[in-house]
Amino acid sequence: MANGQKPDPCSFIIFGVTGDLAHRLVIPALYNLAATNLLPEKFCIVGVARKGMSSTELTDSLMKGLRQFATRKVDEALAKRLLECVTCIEADPKDPSSFDHLKAQLERLEVARTTGGNRLFYLATPPGAFAPIARELGRVGLLKEQDGAWRRLVVEKPFGTDLASAKALNSELQKLMDEHQIYRIDHYLGKETVQNILVLRFANGMFEPIWNRNHIDHIQITVDEKLGVGHRGSFYDSTGALRDMVPNHLFQLLSLVAMEPPIRFDAHSVRSEKADVLAAIQTQSEQEALHNSVRGQYRGGRIGDTEIEDYRKTEDVKAGSTTETYAALKLTIDNWRWAGVPFYLRTGKALGIKRTEIAIKFKQAPFAMFRDTPIDRLSQNYLVISTEPTEGIELQFNTKVPGPSINIDGVEMKFRYKDYFKAEPATGYETLIYDCMIGDNILFQRADSVEAGWQAVQPFLNAWHNAGAKGLKIYDAGTEGPEEADELLAHDGRSWRKLT
Ligand SMILES: NC(=O)c1ccc[n+]([C@@H]2O[C@H](COP(=O)([O-])OP(=O)(O)OC[C@H]3O[C@@H](n4cnc5c(N)ncnc54)[C@H](OP(=O)(O)O)[C@@H]3O)[C@@H](O)[C@H]2O)c1
C-alpha cells in the first residue's frame with residue numbers, strides 16, 4: 001500500500017494501449033499519481049499497439065481520454081508533461097519478429113530516458129492475449145531480472161475462465177518468470193474501504209474478539225449493479241455473473257473479512273492468510289451447489305429513466321442464451337473460526353440499486369429480558385462495510401424509542417469516508433499501479449489464491465452448465481433479482497439485508 005516513497009525510475013509499457021481500460025482508467029490513474037508527485041523522476045510510457053500509429057497520434061488519443069475520464073480537474077501543463085513521455089511501438093504476438101524490434105527500441109529508449117532498465121509491463125488486452133504476449137516477452141529476454149533492474153508483469157482480470165485454465169495460465173507465466181514478478185490485478189483492492197477492512201479488523205481492539213462463530217450469525221456480500229450488459233454482449237454471454245464477479249471481486253472481499261490475522265503486514269503474510277481462507281471454502285458436490293445457489297437472467301424493464309432491454313435481445317447475446325446475469329451462493333468455510341457460519345454472496349446486473357457491501361450480522365442478544373414489554377423480537381445487529389454508492393462503515397444497533405413505555409428500534413451509526421477525509425476522487429488504480437512500481441504486491445493475487453477461488457466456484461459452474469435452462473430464473477430489470485434468492489436465505493430462517 002502507498003507509503004509516499006518515490007518509485008524507482010522505470011518504463012511503463014502498456015499492451016492494448018488503444019483500448020478502453022488504458023484510456024479510461026490506466027492513464028487517468030497515472031495522471032493522478034503525477035498530480036500527487038508519486039511518479040518516478042525518470043519515467044517513460046510505451047504504448048504497444050498491433051497496428052502502428054505515430055507517437056503523436058497516440059498521445060492525442062490518450063489526452064482526449066484523459067479529458068473525458070479524469071477524476072480530478074485536468075491541469076493541461078501537467079497532462080502535457082506526462083504524455084510527452086509517451087512512445088508508440090508496434091508489436092503483435094502473432095508476429096514474433098515484432099517483439100525483437102520492440103526489445104531493440106525499448107532498450108534504446110531506456111538509455112535515452114535513463115530509466116535504469118526497470119520495466120513494468122501492463123497487459124491491458126483481452127485475456128486471450130495474456131499468455132501469447134508474456135511468451136514473446138520471455139522469448140526475447142525482456143522479463144529476465146538482471147544487473148539490479150526489476151521486470152514486472154501486470155495481468156488484468158479475468159485470470160482464467162475456470163480452474164483448469166487458471167492453472168494453465170499460472171503454470172505458463174511461472175515458466176517465464178518468478179512469482180514475485182507477477183502482479184494479478186483486481187481493481188477492487190485499490191478502493192480505500194476494501195483496504196480499510198484490514199485496518200478495521202486488526203487496528204482496533206474491539207472487533208476481533210467478536211469476529212467469529214460465537215458472535216457472528218452470518219455474513220452477506222453483495223455487489224449489485226444497475227447497468228445491464230450494454231455493448232459487452234459478446235464478452236458477457238460467454239462469461240456470466242459468476243465468472244465475471246465471484247472468484248475475483250467477491251472473493252477478495254470474502255478473504256479480507258474472513259482471513260486470520262497475519263503475523264506481519266507484509267505481502268507474504270497477508271497473501272498467505274488470504275489464500276488459506278479461500279482454500280478452506282468447502283468444496284461442494286454439484287448437487288449441493290445446485291441446492292445452495294440461485295442463478296437468474298434479466299428481462300427488460302425500467303430503471304429510473306433508463307429503459308433496459310431483455311438480456312436475450314442484447315447485441316451479440318445468443319438467442320435463447322442461458323448465461324446468468326445474477327448469481328446468489330451460500331458458502332461455508334471449514335475452519336475453527338467460521339464453522340457453522342454461512343457466507344451468502346449475491347451479484348447481478350440490471351438491478352434496482354447499485355450497491356457493494358459486506359454486511360456482518362451478529363447473533364441476537366442471548367437473553368430476552370424484555371419479556372413483559374411490547375417487544376417480542378429484538379432485531380440483530382449489523383456491521384456494514386460499503387464501497388458503493390459511498391465508501392463507509394455503519395453499525396446498526398437497538399435503541400429505546402423515546403416515550404414512557406419500552407419500545408425498541410434499530411438505528412444506524414454511520415461513518416462516511418468523504419465526511420472525514422478530503423480525498424480527491426480516484427480511479428481505484430492509482431494505489432495498485434504505484435504499488436507495482438515500488439514492488440509491493442500485498443494487494444495483488446497470488447497464484448494459490450486464484451486457484452483456490454476457482455476451486456470453490458467450479459462445482460457451481462459445472463452444475464449450472466449441466467442444468468442448462470433448467471433452474472435459470474428470470475427477473476425483471478429494476479428489481480432485487482429473482483425471488484428464489486430470498487428463499488435461499490429463508491430456508492435458513494434468514495433474509496437479505498434490505499438495500500437502500
Ligand atoms: N475496460 C474496463 O473497464 C476494464 C475493467 C477491468 C478489467 N478490464 C480488463 O482489462 C483488459 C482490457 O480491457 P479493455 O476493455 O481495454 O479491452 P479492449 O478495449 O477490448 O482491448 C484493449 C486492446 O487490446 C488490444 N488487443 C486486442 N486483441 C489483442 C490480441 N489478440 N493481441 C494483442 N492485443 C490485442 C487492442 O489494441 P490493438 O488492436 O491496438 O493492439 C485493444 O484496443 C481486459 O482483460 C479486461 O477484462 C477492463
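The values are calculated or read from the model by the stated rules, or taken from the named source; none is laboratory data. Small disclaimer: the values here were computed from a predicted structure and weren't measured. FYI the Cβ positions are ideal-geometry reconstructions off the backbone, even for glycines, and counts take in every protein chain you see.
Data for the structure
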| item | result |
| --- | --- |
| Any chance Trp496 is assigned to a loop (DSSP other than H, G, I, E, B), at pLDDT 95 or above and either closer than 24 Å to Lys274 by Cα or not assigned by TED's automatic domain parsing to the domain that holds Phe121 (or both) | yes |
| Residue among Leu242, Leu163, Leu227 that is within 16 Å of the ligand (Cβ to nearest atom), buried (at least 19 other Cβ atoms within 10 Å of the Cβ) and not polar (S, T, N, Q) | Leu242 |
| Failed item in (1) at pLDDT 95 or above; (2) in contact with a strand residue (DSSP E or B) (Cβ under 9 Å, 6 or more places away or on another chain), with Arg213 passing the rest | (2) |
| Among the candidates Thr56, Thr36, Thr18, residue that is more than 15 Å from the ligand (Cβ to nearest atom), β-branched (Val, Ile, Thr), more than 27 Å from Ala423 (Cβ to Cβ) and over 22 Å from the mean Cα position of the chain (by Cα) | Thr56 |
| From the options Gly16, Gly47, Gly65, residue that is buried (at least 16 other Cβ atoms within 10 Å of the Cβ) and closer than 20 Å to Glu110 by Cα | Gly47 |
| Residue that is nearest to Arg135 (Cα to Cα) [pool: residues in region 3-15 that are within 16 Å of the ligand (Cβ to nearest atom) and touching a Gly at 6+ places or on another chain (Cβ under 9 Å)] | Phe15 |
| Hits in region 102-135 (condition: of a type in the set (A, V, I, L, M, F, W, C), within 16 Å of the ligand (Cβ to nearest atom) and out of contact with any helix residue (DSSP H, G or I) (no Cβ under 8 Å at 6 or more places or on another chain)) | Leu102, Ala129, Ile133 |
| Residues of region 81-101 classified as of a type outside the set (Val, Ile, Thr) and either free of Cβ contacts under 8 Å to residues at least 12 places away in the same chain or within 16 Å of the ligand (Cβ to nearest atom) (or both), total | 12 |
| Residue match in region 136-148 (condition: within 11 Å of the ligand (Cβ to nearest atom) and at negative phi) | yes |
